Amino acid sequence: MTRCVVVGRGAREHALAWALADSCEVVVTPGNAGIAAHGIAVSDRPAGELGADLVVVGPEAPLVEGLADELRAHGVPVVGPGAAGARLEGSKAYLKEFLAAAGVPTAGYAVVDTPEAAEARLRGARAPYVVKTDGLAAGKGVLVTDSLEAAIADARAKLSGRAFGPAGRRLVIEEGLTGEECSVHALCDGERVVTLAVAQDYKRLGEGDAGPNTGGMGAFAPVARVEPATLAAIEEAVLAPTVAELRRRGIDYRGVLYAGMMLTADGPALIEYNVRFGDPEAEVLAPLYRDGLFDLLASAAEGRLGPAPAPAGAAVTVVLAAAGYPEGPHAGDAISGLGADGQLSEPLEGVVVFHAGTARDASGRFVSAGGRVLAVTGTGPDLATARARAYEGAGRVDFAGCQRRLDVARGAA
Ligand code: AMP
Ligand code: GLY
């Protein structure tokens, strides 16, 4: 049987592995306690040693470090770009230079590497002020604020190297964009690009988008307010010129190209690229493409992409985060409502629990072991059903200090 290896340890990888397990044998490396409990094989061995027919790399860091190049050098098809393509996410300064060369609409910017230059640029800008570390910062390198003083202080802290180490030694200061955000995931096979259902992520910790930025507190798909004409405009103005520029640079990009879009009054603008599936977006996209996911991913990796199948219905995911997340998540809190397989102790139709940061204690109970602990996904023929199921499922799971948003997909369903 075809063997697919998924690299990563979060709910994104759980969702991808769960969806792929219908069509192939799946091994997740390193995976987590909840993935193993769900009957999906996990391994501590490196992806290259697992006899994979296809490798799907979940997180960005191994891609930036060249994992896909190594695997391809051994003839293994990979979903995920090599190091050259992964720079789109790995360096914000590179991304901005790339977008300018490609003619993709995006916020104006300056690259600075001294506090004086950062301050001068910020003083000449208008709110909202946007300060980003050049390098990867686990989703925490971006500040968007209306306070000039806060922006200047943030730039100083980042440049000092204390907050983010070398990733913060160079900054990108951007013009602030306003509008609605959405996540457009495309698959690319080096030549062709195919978009999937548009998703929306909830990045702030609190309801109504209050509180600090997080890795993502929930998501839903499809997003009906992004009309086909808008998606077509994104494909034409953003994705097509990106693939053309990648090819011009000799980069054979095979994998997920996730465009973080701002729908501004002047049209769609790219906020950033990610070179992998979003988390928690994967927890809603994987169920929507479950039947065809293996073929879709394998065809991207092998350079023979056809059209994407139609997404099946709708999905909503609600993240349960640990007490203290995102600053200092508390670990070791016992989780109630889960059975030995890590799923709801009383199963609900259309609900699946994806594990992000869980472990098992000496007695086998699941406990929190990370910032984002679980993502509870509801699926259904429409968003209202999917949302009701997700919240019904999430309502049956709890642990001390659990943080969750109650407004995921509210108003959209
Ligand atoms: P990131 O951590 O790179 O995903 O960025 C976090 C969030 O910062 C994005 O999802 C946007 O909400 C916001 N953001 C980034 N760049 C800009 C910008 N130029 N204007 C307004 N908001 C931005
Ligand atoms: N959900 C945002 C990300 O994966 O970067």
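The values are calculated or read from the model by the stated rules, or taken from the named source; none is laboratory data. Not measured: the values here are computed from a predicted model. Methodologically, a virtual Cβ is constructed for each residue, glycine included, from the backbone with ideal geometry; neighbour enumeration extends over all protein chains shown. Just the protein is used for accessible areas: all its heavy atoms, side chains included, with ligands, DNA and RNA removed. Shrake-Rupley method; radii C 1.70, N 1.55, O 1.52, S 1.80 Å.
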Take the Cβ-Cβ distance between T264 and D291 as r, set R0 to 51 Å, and report the resulting FRET efficiency rounded to the nearest 0.05.
-> 0.90
Pairwise label distance in nanometres, R365 with A240, each label 7 Å out on the Cα-Cβ vector | 5.8
Can you list which of the trypsin sites (Lys or Arg not before Pro) found in region 357-391 are DSSP loop residues with at most 16 other C-beta atoms within 10 Å?
-> R365
Fraction of beta bridges assigned by DSSP in the chain that are antiparallel (%, nearest 5) | 80
What nm distance separates the two modelled labels at T114 and E302, each placed 7 Å from Cα along Cα→Cβ?
-> 5.5
Cβ-derived FRET efficiency at R0 22 Å, R204 paired with R225, nearest 0.05 | 0.70
Share of carbon and sulfur in the accessible heavy-atom surface of region 127-233 [1.4 Å probe, %] = 53
Sorted largest first, the Cα spans of region 214-304 on the principal axes come out in Å as 34, 33, 28
The chain: D in µm²/s via Stokes-Einstein (Kirkwood Rh, Cα pairs, 20 °C, 1.002 mPa s)?
-> 100
Looks like region 1-113, by Cα gyration tensor root eigenvalues a ≥ b ≥ c and the a/c under 1.5 rounded cutoff (else prolate when a/b is bigger than b/c, oblate otherwise), is prolate
Given a 1.4 Å probe, how much area per residue of region 69-134 is accessible, in Å²?
-> 41
With the radius of gyration and the Kirkwood radius both derived from the Cα set of region 101-217, what is their ratio Rg to Rh?
-> 1.01
Does region 321-397 classify as rounded, prolate or oblate by the C-alpha gyration tensor (a ≥ b ≥ c root eigenvalues; a/c under 1.5 gives rounded; else a/b over b/c gives prolate, otherwise oblate)?
-> oblate
Arrange the peptides 159-166, 400-407, 105-112 so that the one whose residues have, on average, the most other Cβ atoms within 10 Å appears first.
-> 105-112, 400-407, 159-166
Taking a ≥ b ≥ c as the square roots of the eigenvalues of the Cα gyration tensor, with a/c under 1.5 meaning rounded and otherwise prolate when a/b exceeds b/c and oblate if not, region 148-278 is oblate
What percent of all Cα-Cα pairs in region 45-167 falls in each 5 Å bin, counting up from 0?
-> 2, 10, 17, 17, 16, 12, 9, 7, 5, 3, 1, 0
